[in-house]
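In what follows, a structure is listed as structure tokens, so that the remarks can point back to it.
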Amino acid sequence: MLVVKCPVCGAEGDETDFHAGGQAHVRRPASHDPAHVSDEEQRDYLFIRINPKGLHFERWRCDRGCGKWFHAARDTVTLEFKAFYGITELPPADVIAEAKGQWAEYFAKRLKAEKQA
Amino acid sequence: MSELSHESPLAGVTPPPGLSVSLREITDRGMIDLRGHGSDQAFLSAVKGALGLDLPLRPRTSAGSDDLRVLWLSMDQWLILCPRTKAAEILAALRSALTGVHSLAVDVSDMRAVIRIEGGGCREVLMKGTSLDLLDAEYRPGCCRRMRFAEIAALLSVVEDNVFDVYVFRSYARYAWDFVCATAREPARVRLFGAQDAPA
């Protein structure tokens, strides 16, 4: 049983009061440059997901509360939630630092892009 | 020509004998769904002008009196409760006050059924259908929240310490009513939670 806490309204409860929405931070390529979306990019957006053993980042919805979507960082081995954060936000810096493998690569790329912008 | 008439979702249904709580449907309640940004001052002051009261901005709270009550549903959604006969008038006042403000106000009086549960053990009865700890101090009079009740979506409003209103979508009314009737039977009373007498 997972105990989830919504960062928007603060409701804390059983996972059945919430709705799991799959992997977080998936970006639709067509939103940024619709004219130049390769088949590989579209395939990755639709089907390719990260499936780590350890720290993972997910979307959740406060289904029986305020109804808002939010993000959660969860360890898939211990089932422990490391952080809950807003739907437009990146995880806290200390949680990003714990990320490994594909997630570490993703955040490194994302942070670099944000610094350049 | 056919005539429009209002029939409550639980018309003709009476609670069975031998329940540990008292149960009835509230049929004369008008409900208005209000949406707008809780951070928008223009929206908040327009609503205050129309209703005469401040919208509750803290999660899971409500504001107002018996006649006109506003339940917090989300950061940008509220449910206004009023007598059914007043709903059209209040809606018109709201809409004219909110002209030009990004918002939405709709009469949803027929959208939900309201079941009132009263009596000493009503928290325990409701807890058979939800994962919420209704004995927690958070669930004091004035508190309201959406919840998963008997596997369906419901809205819970604590009216008084032992008086609860459960709002369910109209099509679920009979199911929710039957669920409460089944779980509230006197022999099924739960004594596991809260203060208890010491065993003899």
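The values are calculated or read from the model by the stated rules, or taken from the named source; none is laboratory data. Keep in mind that what you see is a predicted model, and the values were worked out from it rather than measured. Glycine also receives a Cβ, built like all others from the backbone with ideal geometry; neighbour counts cover every protein chain displayed. Ligands, DNA and RNA are stripped out before the accessible areas are found, and what is left, the full protein with its side chains, is counted by its heavy atoms. Shrake-Rupley method; radii C 1.70, N 1.55, O 1.52, S 1.80 Å.
Rounded, prolate or oblate: which one fits chain B, using the alpha carbon gyration tensor with axes a ≥ b ≥ c (rounded when a/c is under 1.5, else prolate when a/b beats b/c, else oblate)?
oblate
With a 1.4 Å probe and every protein chain left in place, work out the accessible area per residue of chain B in Å², rounded to a whole number. Numbers along the way, then the final one.
Working: 10230 Å² over 200 residues.
Value returned for chain B: 51 Å² of accessible area per residue.
Give the carbon-plus-sulfur fraction of the accessible surface of the stretch A:3-116 in %, rounded to a whole number; probe 1.4 Å, heavy atoms of protein chains only.
Its accessible area is 50 percent carbon and sulfur atoms.
Report D for chain A in µm² per second (integer): Stokes-Einstein, Kirkwood Rh on Cα pairs, 37 °C, 0.692 mPa s. Don't skip to the answer; put the middle values down first.
On the way: Rh = 15.3 Å.
The estimated diffusion coefficient comes to 214 µm²/s.
At a 1.4 Å probe, which residues in the stretch B:55-76 are at least 40 Å² less accessible with all protein chains present than in their chain isolated?
B:Arg60, B:Met75
Where the accessible area of the stretch B:29-107 is counted over protein heavy atoms with a 1.4 Å probe, how much of it, in %, is carbon and sulfur?
C and S fraction of accessible area: 52 percent.
Over chain A, average the accessible area per residue using a 1.4 Å probe and give it in Å², no decimals.
Per-residue value: 61 Å².
Would you mind classifying the stretch B:29-107 by shape? Square roots of the alpha carbon gyration tensor eigenvalues, ordered a ≥ b ≥ c; an a/c under 1.5 is rounded, otherwise it is prolate if a/b is larger than b/c and oblate if not.
oblate
Using protein chains only and a probe of 1.4 angstrom, how many square angstrom of B:Met75 are accessible, to the nearest 10?
B:Met75 exposes around 70 Å² with every protein chain in place.
Hey, can you list the residues from the stretch A:14-55 whose accessible area shrinks by 40 Å² or more with all protein chains present, relative to the chain by itself (probe 1.4 Å, no ligands or nucleic acids)?
A:Thr16, A:Asp17
Semi-axes of the equivalent ellipsoid for the protein assembly as shown, please: Cα gyration tensor eigenvalues, times 5, square-rooted, ordered largest first, whole Å.
Ellipsoid half-lengths, sorted descending, are 41, 28, 18 Å.
Check each residue of the stretch B:116-151 and keep those whose accessible area, probe 1.4 Å, is at least 40 Å² smaller with all protein chains in place than in the chain alone; give them in order of residue number.
So the qualifying set is B:Ser131, B:Arg145, B:Arg146, B:Arg148.
Show me the three semi-axes of the equivalent ellipsoid for the stretch B:16-65, from the C-alpha gyration tensor (sqrt of 5 times each eigenvalue), largest first, rounded to whole Å.
Semi-axes (√(5λ), whole Å): 34, 13, 9.
List the longest stretch of chain B that has no exposed loop site; here a site is one of the GluC sites (Glu not before Pro) assigned by DSSP to anything other than H, G, I, E or B, with at most 15 other Cβ within 10 Å.
Looking at chain B, B:8-137 is the longest stretch - no exposed GluC sites (Glu not before Pro) with at most 15 other Cβ atoms within 10 Å.
Would you mind giving the three semi-axes, in whole Å and largest first, of the ellipsoid equivalent to the stretch A:33-80 according to its Cα gyration tensor?
The answer is 27, 19, 7 Å, longest axis first.
Ignoring ligands, DNA and RNA, how much accessible area is buried between chains A and B, both sides summed, with a 1.4 Å probe, to the nearest 100 Å²?
Buried surface at the A/B interface: approximately 1100 Å².
Between the stretch B:55-133 and the stretch A:33-94, how far is it from one alpha carbon centroid to the other, in angstrom?
So the separation of the two Cα centres works out to 33 Å.
How much solvent-accessible surface does B:Ser22 expose, in Å² to the nearest 10, with a 1.4 Å probe and all protein chains in place?
Answer for B:Ser22: close to 60 Å² accessible.
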